[in-house]
1. What list of whole percents do you get for P(r) of region A:130-283, with Cα-Cα distances grouped in 5 Å bins up to the one holding the largest distance?
2. Over chain B, what is the relative contact order in percent, taking alpha-carbon pairs closer than 8 angstrom and at least six residues apart?
3. Using a Gaussian network for chain A with springs between C-alpha atoms less than 10 Å apart, which of these wobbles most: A:107, A:30, A:269?
4. Tell me, what is the percent relative contact order of region A:210-283, built from C-alpha pairs under 8 Å that lie six or more residues apart?
5. Would you mind getting me the FRET efficiency between residue A:45 and residue A:244? Use the beta-carbon distance for r and R0 = 25 Å, nearest 0.05.
6. If I fit a long axis through the Cα atoms of helix B:198-214 and take the longest principal axis of the Cα atoms of chain B, what angle between them do I get, 0 to 90°, rounded to 10?
7. Rounded to two decimals, what ratio of Rg to Rh does chain B give with C-alpha atoms and a Kirkwood Rh?
8. Please determine, in degrees from 0 to 90 and to the nearest 10, the orientation of helix B:144-168 with respect to the longest principal axis defined by the Cα atoms of chain B, where the helix direction is its Cα long axis.
């Protein structure tokens, strides 16, 4: 018996829909469980106190501050570097094999496994530059890691500025760099911001690159300088869930929820910025 | 004066463009510097094809074959799960879902992409492990399969977003032409749109695989970390990435063990470099 094409289509579409549901439902489930089990653990004390009793009690304050430190240091290195690279690729580069090489390098930077970044950071920053295990070593490692994200989104933002804007400015006798600085960059800024926030949210959750470059197993104080070690939220969650026996599950889920909360709120801000630009765009 | 300033700025920006190439070279150099030192004392064959990884025994053995197979098992498992699911999801989002549902699904996929790998590992240990243990009646729930399932969900966002791009960028006239000839929407999808988007789909699959091979924390927490030759996918395994992450903390700087971990890093760098290069080639190939 031959099945009618229309029936086949119905069957196929149902299966495709089910697959989409199978992808989305676990996400919702995971988030729901995180909130349900983590929320009771979160209190003002949990967020602002030092861990106690070998991390089996107390708060996660130094881990939150450590992650904030790392993220801020990393983005302040990666943002100028990434934006200038994007400017080069969009405004200056000619279409030749050098440019293609740079593009391939960016694609590969994006694909290098996070643990390999960790090894690289250990080799270059911790040992070769003799920073030791420190915030600066970890932040520089993370900065190189988030570079491809920032470059790619900045490139898109720069390319979406219409050609005519540049031509109008150049026709008025303004130099090329001033055109970029006063005309192109301001118009591309929101797009660049979105990409940077996404880069930050990615680095906030990374564990493997900071494993050997900065993360302290247990350090119940705040770092004194950027040459100090610090605790970090993702590593703290790793320690709580695999290295320390008899940790209350509430503490683990609480830490996981704070980390996910941080990452998601960054993403949410990025989405808000993006939709804000779309609604205000006049060209 | 102004001209000089302009020239200086231009040169600075030019230098920045080369920074990315510099970083790739630096990563390679620093991995190779320590990684290749291992081969002064151990032959490359023993390293790549040795069947025992026991760096702490006397004499230590540095065969990465069990680790490589561990990575391979987990990656294959994840690919088998992620490719059909991801492709179905991308087709559904790109072609079938009504607008409101598309927005919800896309947001869901973006959320999935944003969950840090350590959180996936943690949730997997707490929830997925026990389920796998019960279903297959195993002594432990932390096996290659557990890792594969979790990793599949980490690869899906990468795959879906690139595949969906490829599907929506198929020229409209292809679709209209097929529909005008009397083909149903489904026939159009699998006879016209998928073949036309195939290079993007291949790139998406490869980038997804690249992500799975390089994944570290979730895999370390979920696969049971047994560095033996894996027999089945229901046994605990250990991957290349997890070995580096788990053992680097215990090594002595400058020891054979330390160098061997850098050598593994070099192998991983080589594998992902190749995959990403090929994926980029596939992506830039013009649709004929």
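None of the figures in this text is laboratory data; all of them are computed from the coordinates on show. This is a predicted model, so every value here is computed, not measured. Cβ sites come from the backbone with ideal geometry, for glycine too, and all protein chains shown count toward neighbours.
1. All Cα pairs considered, the percentages come to 2, 9, 14, 14, 14, 12, 10, 8, 6, 5, 3, 2, 1, 0, 0.
2. Computed over chain B, the figure is 26 percent.
3. It is A:30.
4. 21
5. 0.80
6. Roughly 30 degrees, rounded to the nearest 10.
7. A ratio of 1.07.
8. It is inclined by approximately 30 degrees.
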